[in-house]
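See below for the structure under consideration.
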Amino acid sequence: MKLITQPQIKSLNIAPAQCVEWVKESFSLKSQAQLPAKISLHPQGNDFFNTMPCLLPAPHNYFGVKLVHRIKGATPALGGDILLYDSKGGNLLAMMDADWITTMRTGAVATLAIQTFRKSDAQTYGFIGLGNTGRATLLCLLDSEPQVMHHVLLLRYKDQAESFIERFKAFDNVQFTICDTAKEIVAQSDVIVSCITEADGLLCDDDTLFRKGCLVVPVHTRGFQNCDLFFDKVFADDTAHVCGFKYFDRFKQFAEIQETIEGLKPGRTNDDERILSYNIGLGLHDVVYASKLYELLKDTATETELPRETAKFWI
């Protein structure tokens, strides 16, 4: 078994644009993969442990399961691990840190949703929640669209907006403006990306502030339940993740993002539609990413012996 660590994964310097391509490949496998809905357990408050298995279709021959948790007060708040198996022989191939995988695949999925559902002349992107997931999303967006200038509005929170701007100072295809309220972000943005993990109530309770043609991408689903009721279309990475939402039966029109990518169902059909994209995260993306990283690192990663029983009868 290989032990694959966060520093080893980061040392590969995988381009954010490559992360978006891996997400596209993941969605192309969705209809053939075995992908049960994640199991979410809550030890206290809004903390959680999510278990996310996926069996990739042949000829990929990988099974994996990710355990991801969010614990309030931890640094960082999100953490996780992945077990990757050879699905033909049942051998445990690797145990790997899932922090980079979770963050970058989440940012890549958000970027793919933006590129799939934004209106044709979108220029202004509002970001609420400026942690690692927000950074990963903008990294993927900027790296995959190097010739496009992006005007990004940031919601002020402590010194995070200034730190966020500093992180992207080397990019010449982005301009930043700091805003003081979520309503300012909503009123001025063509695309609204929310990466907060907690929200007490709605982030913008004035429905009239959402522009015609706007796209809302609430990465962790918090704070935009009012949009469920009046937005023209709602998309998600998997139906099982949203069918339990309070207003699911009142969505005006619903489809999975994979169905749109494959041309099975329409996505945006005009620049006036208000669209909501819930991308909650699939074990499918995690296992595809894990298999890619395993192939890149298997010859250099540390080998860890895990003694196994070899006799048929051993009790």
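Values quoted throughout were computed directly from the atomic coordinates according to the rules given, and no laboratory measurement underlies them. What you are looking at is a predicted structure, and each value in this text was computed from that prediction instead of being measured. Here the Cβ is made from the backbone with ideal geometry for all residues, glycine too, and neighbour counts use every protein chain on show.
Annotations
- Trypsin sites (Lys or Arg not before Pro), loop per DSSP, at most 16 other Cβ atoms within 10 Å - longest free stretch of the chain: 1-71
- More than 24 Å apart - percent of Cα-Cα pairs taken over the range 186-298: 30 percent
- Applying the Karplus relation 6.51 cos²θ - 1.76 cosθ + 1.60 with θ = phi - 60° to the range 120-137 yields 3J(HN,Hα) values of 5, 10, 4, 10, 10, 10, x, 10, 10, x, 10, x, 4, 5, x, 5, 4, 4 Hz, where x marks Gly and Pro.
- Between the range 245-315 and the range 62-112, the Cα center-to-center distance that results, in Å: 11 Å
- Percent breakdown of C-alpha pair distances by 5 Å bin, ordered from the shortest bin, for the range 106-278: 1, 9, 19, 24, 22, 15, 8, 3, 0, 0
- Charge dipole (the range 246-315, unit charges on Cβ, about Cα centre) - positive-most of GLY283, PHE251, LEU293: PHE251
- Remark on ARG274: its backbone amide H falls under 5 Å from those of GLY213, ASP232, LYS233, a criterion applied only to residues 5 or more positions apart or on other chains, H modelled at 1.01 Å from N.
- Distribution of pairwise C-alpha distances over the range 60-140, 5 Å bins, in %: 3, 13, 17, 18, 15, 13, 10, 7, 3, 1, 0
- Descending principal axes extents, the range 126-225, alpha-carbon based, whole Å: 36, 29, 21
- Shape analysis of the range 1-151 yields a ratio of the Cα radius of gyration to the Kirkwood radius, Rg/Rh, of 0.98.
- Near the amide H of HIS150, within less than 5 Å, lie the amide hydrogens of VAL174, GLN175, all on another chain or at least 5 residues away, with H placed in the peptide plane.
- Estimated translational diffusion coefficient (Stokes-Einstein, Kirkwood radius over Cα pairs, 25 °C, 0.890 mPa s) of the range 247-311: 149 µm² per second.
- Out-of-range pairs (alpha-carbon distance over 32 Å; input LYS10/LYS212; LYS66/LYS312; LYS2/LYS233; LYS24/LYS233; LYS10/LYS88): LYS10/LYS212; LYS2/LYS233
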